[in-house]
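**Student:** After the structure tokens below, expect a handful of questions from me.
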Amino acid sequence: MSDSNVTISPLGNASRAELKKLCQALWDWRYCSRCNDGEPCQMSKCPWQRSDKLEPFFDFYRKVTAWHIAEVPGGGEYALRGHDDLFSIVRLIKQKSDVPRSILTEEFFSQYDRKPNMAEQHRAFDLAVRIMSMLNCSIGDQSLNRLELGLDLTIWANDKTYREFIENAFSFKAPPILHENGLLSEIEARLNAIQLKKVAKIKFQGTDDLKNHLKLDTDTGILQLFHHVTFLREHLLATQDKIPGSAVVQRVILPRQLALETHDSLEILFPSGHDSVQLLRSLASQKSLDFDYPAFGRMEYRREDESEAVYCYWGHRLFELYEELKEPRPRGIFHWVQERTKKRHFMMLTIAGVLFAVLSLAVSVFSAWVSYQQWKHPVNNSNP
Ligand SMILES: [Zn+2]
């Protein structure tokens, strides 16, 4: 690479044309002729007409790609020379989701005249997966820096396929207890964001990491919610007409059931027409999150056989939230006072313990001194 070609961030500033290619790589979007010619889209059926709602996802894409900086700029061949390389990796992983990572990596970089080093190759695949699956991916042996940054990484090992990676990241369980004895109806009737806030003192936070959806930090009371709702919906639209088990569905990015559940679980916490909706709107506007609430409840992304919500992935987390609502752990000002009282108690016990030890020592020294004095100056009781 000549010095004139050296750039610190080869993926900076994704253009509209590159974002169009991103959607094509992820969801096989087919554009109208004007879009293909680089002119403004005017056809209502063209998928690019939906792109406005994807702005939060595009922002996310711009952010994670702009931060993808070569460890040694100009120090060798870049693994990602531009956005097109990233899209090619996304397509390769989709097409060969049953091929181990090491073979895909070898296949992709064999086209390069000069191969980038292995660490750069792995980082390129991790970034492609970050975009496709919304998971912080790592191969697991070269991510010390990222671990130091406190990132919650999901490991895609060299000998595992993309399908195995996704299966390991999310625990799928046959419909659990939520679907027994009318528990789901009970949860749908009682569990909502306002109740969680009022009764259990829970606060809500948007997350870009799908694995953290509905994850409750029981100490802080913060509940994370995956907020790229339009991303989920596009995934559902892209896989809507596919027949389960067909060759086409093999190329999925995420399990359709997972996307459906994530979407449906938000509707449990923020039911249409409920005061909770205002809470969600407020959260979305403060932090520029994509919950796209007005479009909730629309059915066009569901298949006919998906009219009922089923919870195979998030059922256990919904159940835990419901349990939290029934028996909330102490939080808020009461918890603060309780914690301080406990600490003060502990401090007083510690001081009392130290005083007791010092006093015991003093008594022991005094006893020893008395004994010594008695030995040295024995009292003579005999009469002269
Ligand atoms: Zn168009």
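The values are calculated or read from the model by the stated rules, or taken from the named source; none is laboratory data. The structure presented is a predicted model; accordingly, all values stated were derived computationally and were not measured. FYI the Cβ positions are ideal-geometry reconstructions off the backbone, even for glycines, and counts take in every protein chain you see.
**Student:** What are the pairs, 6+ residues apart or on separate chains, where a residue within region 92-114 that is acidic (Asp, Glu) has its Cβ under 6 Å from a residue that is not in a loop (DSSP other than H, G, I, E, B)?
**Tutor:** Pairs that qualify, where the first residue is acidic (Asp, Glu) and the partner is not in a loop (DSSP other than H, G, I, E, B), are Asp98/Thr161; Asp98/Arg163.
**Student:** Give me the residue from region 29-53 that is basic (Lys, Arg) and outside any loop (DSSP other than H, G, I, E, B) and, out of that set, farthest from the ligand (Cβ to nearest atom). Break it down into steps so the answer makes sense when it comes.
**Tutor:** Step one: list which residues in region 29-53 are basic (Lys, Arg), which gives 30, 34, 45, 50, 53.
Then keep just the ones that are outside any loop (DSSP other than H, G, I, E, B); that gives 34, 50, 53.
Working: Arg34: 6, Arg50: 10, Lys53: 15 Å.
Of everything passing the filter in region 29-53, Lys53 is farthest from the ligand (Cβ to nearest atom).
**Student:** Still on this structure, I have one more. With respect to Val64, determine if the residue is in contact with a Lys or Arg (Cβ under 9 Å, 6 or more places away or on another chain), away from the ligand (no atom under 15 Å from the Cβ) and β-branched (Val, Ile, Thr). Outline the logic, then answer.
**Tutor:** Values: in contact with a Lys or Arg (Cβ under 9 Å, 6 or more places away or on another chain): yes; away from the ligand (no atom under 15 Å from the Cβ): yes; β-branched (Val, Ile, Thr): yes.
Judged against the criteria, Val64 is a match.
**Student:** Of all the helices (runs of 4 or more DSSP H) wholly in region 140-235, which have at least 3 residues that are at pLDDT 90 or above, more than 15 Å from the chain's Cα centre (by Cα) and in the same structural domain as Pro100 (by TED's automatic domain parsing)? Working first, answer last.
**Tutor:** Numbers: elements: 144-148, 162-169, 183-190, 193-200.
Answer list for region 140-235: 162-169.
**Student:** Let me ask something else about it. Among Ile131, Ile103, which is over 25 Å from the mean Cα position of the chain (by Cα) and either under 21 Å from Asp28 (Cα atoms) or at pLDDT 95 or above (or both)? Reasoning before the result, please.
**Tutor:** Values: Ile131 fails: over 25 Å from the mean Cα position of the chain (by Cα).
Sole residue among the options that is over 25 Å from the mean Cα position of the chain (by Cα) and either under 21 Å from Asp28 (Cα atoms) or at pLDDT 95 or above (or both): Ile103.
**Student:** Another question, then. Which of the residues belonging to region 56-69 are touching a residue at least 12 places away in the same chain (Cβ under 8 Å) and either in contact with a strand residue (DSSP E or B) (Cβ under 9 Å, 6 or more places away or on another chain) or not in a loop (DSSP other than H, G, I, E, B) (or both)?
**Tutor:** Listed by number, the residues that qualify are Pro56, Phe57, Phe58, Asp59, Phe60, Tyr61, Arg62, Val64, Thr65, Ala66.
**Student:** Any chance region 21-28 includes a residue that's in contact with a helix residue (DSSP H, G or I) (Cβ under 9 Å, 6 or more places away or on another chain), over 30 Å from Ser110 (Cα atoms) and assigned to a helix (DSSP H, G or I)? Quick ask: steps written out before the conclusion?
**Tutor:** Within region 21-28, the first condition is being in contact with a helix residue (DSSP H, G or I) (Cβ under 9 Å, 6 or more places away or on another chain), and the residues that meet it are 21-28.
This time we only want the ones that are over 30 Å from Ser110 (Cα atoms), so: none.
Among the residues of region 21-28, not one is in contact with a helix residue (DSSP H, G or I) (Cβ under 9 Å, 6 or more places away or on another chain), over 30 Å from Ser110 (Cα atoms) and assigned to a helix (DSSP H, G or I), which makes the answer no.
**Student:** Check region 83-104 and report whether any residue there is loosely packed, with under 13 Cβ neighbours inside 10 Å, within 16 Å of the ligand (Cβ to nearest atom) and part of a loop (DSSP other than H, G, I, E, B).
**Tutor:** no
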